[in-house]
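The values are calculated or read from the model by the stated rules, or taken from the named source; none is laboratory data. From a predicted model like this one, the values you see are computed outputs, not experimental measurements. Note: ideal-geometry Cβ built from the backbone for every residue, glycine included; neighbour counts use all protein chains shown.
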Amino acid sequence: MVQKSIGIIGAGIGGLTSGAILSRQGYKVEIFEKESILGGRALSLNGSTLTQNQYNNMLSRFNMRLYFSEPSIEKIFEKNMLKGYTFDLGFHLIGGGAKSAPLRILKENKKNINMLGSRIGRIEKNDIFYPFLSFTDKIRILPRAIQLLISRESTFQRLDTVPVSDAIKMYGRGKMALALELFSRAATTVNDLSKISSGETLRSKADFITGLIPVGYPVNGIQSLSNAFAEIILNNNGKINLSQKVDQVIIEKNKAKEIVINNENKQFDKILSNIPVQNIFKVINEKYFPEEYVNRIKKLKGTGSVCAYYSLKKLDENLIGKTFIFIERDTGVDGNDAVGMIDFMTASPKAGLSPKDAYLIQAYIICTPEEAKNNKMVEKLKNILDKWMEKICPDFSSKLNWALYPIIWHLDGVAKTIDSVKPDIKTPIDNLYFVGDCVKAPGIGYNCAVNSARILSDILMSQ
């Protein structure tokens, strides 16, 4: 039997997971990544070797910018203040933690990644709660929660077109309403409840309501996941080509046939794209797709956020390893109220992300891509982050080593909302497939990307 070849464009988590699964199944896998580093938008940066130019260039290449820093970014690099730190381009937590889709795939491939896990607490104006729901709260909402969480997939599908704002009216009372309101936003990185799918929220976020360990972060940074998937590919004789930008995909008689790189044509039986779907027409002329399909793809948008990385000299030990959610009312963002998170898992010495006697905290607040480009709105959201940080870490500015505030306007590939339907994995062109967080697959972010790879494998195995 002739070994089938798979060409993958992009070494983001979707491309790497696809490569890992398919190479293990016997496919001849070759990945092409335009950047010099694995991971796509989910990158870990080594502060010991990073230069200011490298940081600025990396941000700009991934639809980001640095809005503010303390002290100035020039002084941070001049004084080598990032030495010993590992931090991400933007805020990352993995839904489901050790039970998430990436960890399940790695476990199947006998790859062990140490994952820190946390329940979710909440910060309110006059108090701090951890976990989010008390025992009494859980008892009160348990009947309603069980009714929702044991629903069949047909029920979730029926709720896919029902906005969370309506679901709260139907199912939400007291803390149940608050849980649906906050976690639907955090799960999708969308503030407007009228745009968020109830079915998708309930399908992907059962752990939030049941009180299990709903979020995780890998030891040594998010990059460790990409490296683990890459090892599986290489161990199965796959190839990963970094700094190799795909110029074109050759289409003949409605079939994807070849990938063109540096004027060299490489032929494959199947071609997978892990680049943002909105960018597919940069490598394939849109004339090969149906007009309606092109118009729909061009209208798809990602999500945005204002992020913060704080390095502190001192930190209350009771906060280490925990994650907190907050909501700021009447901010004027799309949906009016803005949800954010402050994560202290990265502050744990077990995380391996900061020097001894320093504590790294990551935080973010949700906004739209348009709001992320609006300096006035960004300033407001940055101040909101600092306000909630002050609430949970009083007088944190006096304990600050440094702070970075990167802004991103393309966080998730496509916002998972009821009015933004992600495309199918199989495209209208034969032998061409999409994978990643831009396509129709269960979950959000990392989980969506990894699940898309599993679905793709099923599709190819059935052919």
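The conditions of being without any contact (Cβ under 8 Å) to a residue 40 or more places away in the chain, basic (K, R), surrounded by fewer than 22 Cβ atoms within 10 Å (Cβ to Cβ) and under 30 Å from D424 (Cβ atoms) are not met by K301.
Each row is one residue, and each column tells you yes or no for (1) closer than 19 Å to G90 by Cβ; (2) of a type in the set (S, T, Y); (3) touching a Ser or Thr at 6+ places or on another chain (Cβ under 9 Å); (4) buried (at least 24 other Cβ atoms within 10 Å of the Cβ).
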{"residue": "V306", "(1), (2), (3), (4)": "yes, no, no, yes"}
{"residue": "N318", "(1), (2), (3), (4)": "no, no, no, no"}
{"residue": "I342", "(1), (2), (3), (4)": "yes, no, yes, yes"}
{"residue": "K350", "(1), (2), (3), (4)": "no, no, no, no"}
{"residue": "A358", "(1), (2), (3), (4)": "no, no, yes, no"}
{"residue": "I392", "(1), (2), (3), (4)": "no, no, no, no"}
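Residues in the range 277-329 that are assigned to a loop (DSSP other than H, G, I, E, B) and of a type in the set (S, T, N, Q) were compared, and the one that is nearest to the chain's Cα centre (by Cα) is T303.
Out of the range 417-426, which residues are surrounded by 19 or more Cβ atoms within 10 Å (Cβ to Cβ) and at pLDDT 95 or above? Talk me through it step by step, then tell me what you get.
As a first pass, look at the range 417-426 and keep what is surrounded by 19 or more Cβ atoms within 10 Å (Cβ to Cβ): 417, 422, 425.
Across the range 417-426, the qualifying residue is only I425.
From the list G40, G117, the lone residue that is of a type outside the set (A, V, I, L, M, F, W, C) and closer than 29 Å to N279 by Cα is G40.
Show me the strands (runs of 3 or more DSSP E) found entirely inside the range 1-97 where at least 2 residues are of a type in the set (S, T, Y).
64-70
Which residues, taken from the range 270-298, are farther than 14 Å from V439 by Cβ, among the basic types (K, R) and touching a residue at least 12 places away in the same chain (Cβ under 8 Å)? Hits for the range 270-298 are K270, K298. Among the residues examined, C448 qualifies as more than 29 Å from K125 (Cα to Cα), in contact with a helix residue (DSSP H, G or I) (Cβ under 9 Å, 6 or more places away or on another chain) and not in a loop (DSSP other than H, G, I, E, B). Annotation note: Cβ proximity below 6 Å between a residue of the range 380-406 that is in contact (Cβ under 8 Å) with a residue 12 or more places away in the chain and closer than 23 Å to Q52 by Cβ and a residue that is surrounded by 16 or more Cβ atoms within 10 Å (Cβ to Cβ) and of a type in the set (D, E) (sequence gap 6+ or interchain) occurs for A403/E70. Just checking, which of F68, F62, F91 is among the aromatic types (F, W, Y), touching a His at 6+ places or on another chain (Cβ under 8 Å) and either surrounded by fewer than 16 Cβ atoms within 10 Å (Cβ to Cβ) or closer than 27 Å to F324 by Cβ (or both)? The unique qualifying residue is F62.
Here is a yes/no grid of residues against (1) modelled with pLDDT of 95 or more; (2) closer than 28 Å to S197 by Cβ; (3) not in a loop (DSSP other than H, G, I, E, B):
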position: V339; (1), (2), (3): yes, yes, yes
position: I365; (1), (2), (3): yes, yes, yes
position: M377; (1), (2), (3): yes, yes, yes
position: K380; (1), (2), (3): yes, yes, yes
position: K387; (1), (2), (3): yes, no, yes
position: K391; (1), (2), (3): yes, no, yes
position: L404; (1), (2), (3): yes, no, yes
position: A415; (1), (2), (3): no, yes, no
position: P428; (1), (2), (3): yes, yes, no
